[in-house]
Amino acid sequence: MVDLNKDVKYVKGVGPNRIQLLNKLKIYTLKDLITYYPRDYEDRSKPQNVCDCEDGTEVLIEAMPISKITEYRKGKMIISRLIVRDQTGTCYITWYNQGYLKNRFIPMKFYRFFGKVSRKGNRLEMNSPVFDEIEQTKNTGKIIPIYPLTYELKQSTLRRIIENGLAEVDGKLEETLPEYILKENNLLDINTAINRIHFPIDFSDYNKSRDRLVFEELLTTQLALLKLKNNYEREKNGIEFSKEVKMSDVINILPFKLTKAQLRVLEEIDNDMESQRPMNRLLQGDVGSGKTVVAMISAYKAVKSGYQAAIMAPTAILASQHLEGFQSILSQFGIRCELLISSITKKKKTEILEKLQNGEIDILIGTHALLEENVVFKNLGLVVTDEQHRFGVKQRATIATKGKNPDTIAMSATPIPRTLALILYGDLDISIIDELPPNRKKIETFAVRKGMTERVNQFIRKQIDDGRQAYIVCPLVEENEELGLKSVIELEEKYKNETFSNYKVAYLHGKMKAKEKDEIMEKFKNGEIQILIATTVIEVGVNVPNASIMVVENAERFGLAQLHQLRGRVGRGEYQSYCILKFDGNSETIRQRMKVMCDTNDGFIISEKDLELRGSGDFFGTEQHGIPEFKIANLFEDMGTLKKVQKIAMQIMADDPLLEKEKNAKLNELIKSKFSSRIEI
């Protein structure tokens with residue numbers, strides 16, 4: 001048995017200096033090392049004739065020196081030049097500051113060279129290639145893995161260390177998938193897959209290895225979440241809320257009509273609340289689709305059935321906004337709402353906690369402050385977490401323990417296609433509000449280059465002169481010379497004193513104290529600030545109906561889903577609203593992303609496109625959900641595998657809901673080892 005938890009510093013070739021560099025890459029153990037997968041590959045296995053080499057391409061040639069190396073100096077630099085040839089032509093090879101190569105090559109002996117070639121007239125040149133003697137395969141003659149790196153660590157060094165790690169585990173890894181899964185799905189064994197993903201013999205070899213590892217990664221994630229869901233579903237002693245309490249009591253007094261989608265979702269929630277099983281539901285809906293009113297009506301049912309409700313929001317300003325909304329409707333039914341955020345006085349907090357425990361508060365709305373130990377409910381029946389992507393599985397679980405199996409609703413304004421939502425929220429039932437209220441005007445979106453700045457500024461002035469307000473969003477707080485992006489503080493200085501000196505300008509960023517942020521947002525909401533310059537701290541649902549223009553600086557630096565969230569801050573009132581994306585760069589991807597934002601306001605289409613254009617990476621902030629980051633799967637590229645795996649996972653769970661059967665023992669172990677520290681499995 002090989003010890004995969006062995007500290008990576010004991011692997012041959014690591015040593016005290018390199019251990020820190022490996023740790024920067026999150027490589028701490030032998031297991032981390034062998035599962036640090038390549039991001040790309042270079043095919044150095046197929047030689048080309050010199051005469052066939054195309055300008056600007058990376059190629060492998062097999063050629064022999066027809067002279068010794070000549071050297072000359074240029075300032076402090078030593079330039080080494082070697083002329084080689086094969087049966088079809090000649091190539092001039094150059095190295096810089098590699099004096100040790102002087103006597104390295106023997107004329108008329110064949111070597112392999114791999115590097116980028118350029119054609120200057122009829123002459124072919126290659127700069128700084130890697131090379132081997134013809135019988136060696138250290139740097140050439142095979143497919144070479146390319147790894148994501150940290151500064152100061154070379155590809156060749158990391159490659160060597162990974163080779164040493166693989167030598168230690170060669171043939172000794174214990175199979176992680178059951179025999180029947182491997183056979184039915186024609187998958188490679190774990191030892192071959194791990195070895196060949198790093199050093200494939202050919203690309204079909206690589207494909208088979210990757211298929212096996214992606215399959216395992218997606219299957220274990222899906223099974224873990226379904227197992228979690230089965231744990232919930234086995235719970236029969238949830239709260240059965242009263243069938244006599246009708247949601248229509250609230251629906252009928254609302255000053256607006258609910259959409260068909262909202263009514264459909266409320267019916268799903270109503271059925272859940274009246275059943276014995278604890279509800280665990282994800283409520284997805286685009287920005288402005290009316291999720292909050294659904295939460296309010298659900299809370300009404302909980303309270304009128306004799307229970308308390310907790311509403312958890314990620315920021316104090318959003319929690320305060322919810323309080324206003326809830327009170328304006330629910331106070332008519334004698335329902336008592338209260339706000340718990342970190343900025344309230346100690347005296348007020350003590351009073352709230354006492355009332356909460358005595359049952360004198362029906363609905364407590366707050367931030368992470370709700371998770372604190374001294375927050376004790378008398379009879380908690382419903383938990384709602386808003387902007388779910390800001391809270392992890394564990395936080396969801398923590399607040400739920402404050403009641404006896406309360407029903408839970410997790411709300412998210414980051415629309416995710418259903419297939420992907422199953423990966424992130426497979427432990428929850430999913431409800432989708434896929435319709436916007438009829439009075440919502442489409443936000444007109446324009447993508448412009450920096451040269452249009454003066455016209456954009458003129459447009460902002462016109463909007464403000466008409467009585468509106470504007471957001472201007474920057475990617476960074478402080479100036480970063482390397483990226484040359486305008487910082488919030490620097491921009492505020494310029495706008496306040498020069499560009500918009502006639503208007504009231506303020507800034508907001510994540511490094512400010514919570515109290516300061518809330519004060520600024522409150523002033524903006526009340527119209528005391530006309531232009532708010534901010535970082536993405538404003539992307540979380542604050543409602544300022546008078547704000548009609550959103551300008552995003554360096555829009556190319558944001559993901560599409562994030563741009564969509566930001567755009568949702570405007571268009572919340574009766575006025576036509578605008579989103580202007582100022583971008584730099586001319587790549588095809590940037591142009592495509594800007595086009596998507598201008599063409600559609602549909603968050604589901606945008607999230608799919610974002611995934612397609614950016615790849616998955618940690619696209620959804622999966623760490624937030626308690627799900628390990630994918631090491632090899634890409635949720636967009638691997639959609640076919642994902643769909644296949646979801647079917648298999650459901651079949652396995654239908655047959656063995658707790659993975660107790662002998663044939664699934666390996667799967668159960670795998671899930672425990674990957675997830676138990678993150679979520680209760």
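Some observations on this one:
- Residue ID - farthest from residue 51 (Cα to Cα), chosen from residues in the stretch 119-132 that are touching a strand residue (DSSP E or B) at 6+ places or on another chain (Cβ under 7 Å) and exposed (fewer than 14 other Cβ atoms within 10 Å of the Cβ): 128
- Only residues that are in a loop (DSSP other than H, G, I, E, B) and at pLDDT below 90 were counted in the stretch 143-162, giving 7.
- Cβ-Cβ under 6 Å pairs, at least 6 apart or on other chains, the stretch 653-671 side touching a residue at least 12 places away in the same chain (Cβ under 8 Å), far side assigned to a helix (DSSP H, G or I) and of a type outside the set (A, V, I, L, M): 657/230; 659/668; 670/220; 671/220
- Test result for residue 307, in contact with a strand residue (DSSP E or B) (Cβ under 7 Å, 6 or more places away or on another chain), among the hydroxyl-bearing types (Ser, Thr, Tyr) and assigned by TED's automatic domain parsing to the domain that holds residue 401: yes
- For the stretch 221-230, the criterion of being of a type in the set (Gly, Ala, Ser), part of a helix (DSSP H, G or I) and closer than 18 Å to residue 651 by Cα is satisfied by at least one residue.
- Taking the criterion of being part of a loop (DSSP other than H, G, I, E, B) and modelled with pLDDT of 90 or more, the residues of the stretch 530-563 that qualify are 530, 546.
- In the stretch 141-198, the qualifying residues are those that are hydroxyl-bearing (Ser, Thr, Tyr) and in contact with a strand residue (DSSP E or B) (Cβ under 9 Å, 6 or more places away or on another chain), and the one that is surrounded by the fewest Cβ atoms within 10 Å (Cβ to Cβ) is 156.
One line per residue, one yes/no per condition, for (1) touching a Ser or Thr at 6+ places or on another chain (Cβ under 6 Å); (2) farther than 26 Å from residue 432 by Cα; (3) assigned by TED's automatic domain parsing to the domain that holds residue 262; (4) surrounded by fewer than 21 Cβ atoms within 10 Å (Cβ to Cβ):
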{"residue": "289", "(1), (2), (3), (4)": "no, no, yes, no"}
{"residue": "324", "(1), (2), (3), (4)": "no, no, yes, yes"}
{"residue": "332", "(1), (2), (3), (4)": "no, yes, yes, yes"}
{"residue": "344", "(1), (2), (3), (4)": "no, yes, yes, yes"}
{"residue": "352", "(1), (2), (3), (4)": "no, yes, yes, yes"}
{"residue": "378", "(1), (2), (3), (4)": "no, yes, yes, yes"}
{"residue": "383", "(1), (2), (3), (4)": "yes, no, yes, no"}
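- Residue in the stretch 328-336 that is in contact (Cβ under 8 Å) with a residue 12 or more places away in the chain and closer than 23 Å to residue 405 by Cα present: yes
- Checked against (1) more than 30 Å from the chain's Cα centre (by Cα); (2) outside the structural domain of residue 410 (by TED's automatic domain parsing); (3) in a helix (DSSP H, G or I), residue 241 meets all criteria but (3).
- When residue 186 is tested against (1) under 16 Å from residue 146 (Cα atoms); (2) free of Cβ contacts under 8 Å to residues at least 12 places away in the same chain, exactly one condition is not met: (1).
- Flag for residue 438 being within 25 Å of residue 606 (Cβ to Cβ) and either touching a Ser or Thr at 6+ places or on another chain (Cβ under 7 Å) or at pLDDT 85 or above (or both): no
- In the condition set (1) out of contact with any Pro (no Cβ under 6 Å at 6 or more places or on another chain); (2) at pLDDT 85 or above; (3) part of a helix (DSSP H, G or I), residue 660 is compliant with all but (3).
- Scan of the stretch 564-580 for residues that are of a type in the set (A, V, I, L, M) and either modelled with pLDDT of 90 or more or assigned to a loop (DSSP other than H, G, I, E, B) (or both), ordered by number: 570, 580
- Residues that are more than 17 Å from residue 287 (Cα to Cα), among the small types (Gly, Ala, Ser), crowded, with 16+ Cβ neighbours inside 10 Å and modelled with pLDDT of 80 or more, drawn from the stretch 581-626: none
- Check on residue 224, at pLDDT below 95, on the phi < 0 side of the Ramachandran plot and surrounded by 17 or more Cβ atoms within 10 Å (Cβ to Cβ): yes
- Residue within the stretch 207-220 that is under 30 Å from the mean Cα position of the chain (by Cα), free of Cβ contacts under 8 Å to residues at least 24 places away in the same chain, assigned to a helix (DSSP H, G or I) and surrounded by 16 or more Cβ atoms within 10 Å (Cβ to Cβ) present: yes
- Against the numbered list (1) over 23 Å from the mean Cα position of the chain (by Cα); (2) modelled with pLDDT under 85; (3) buried (at least 19 other Cβ atoms within 10 Å of the Cβ), residue 393 comes up short only at (1).
The values are calculated or read from the model by the stated rules, or taken from the named source; none is laboratory data. Because the structure is predicted, anything quoted here is derived from the model rather than measured. Reconstructed Cβ throughout: ideal geometry from the backbone, glycine too, with neighbour counts over all protein chains shown.
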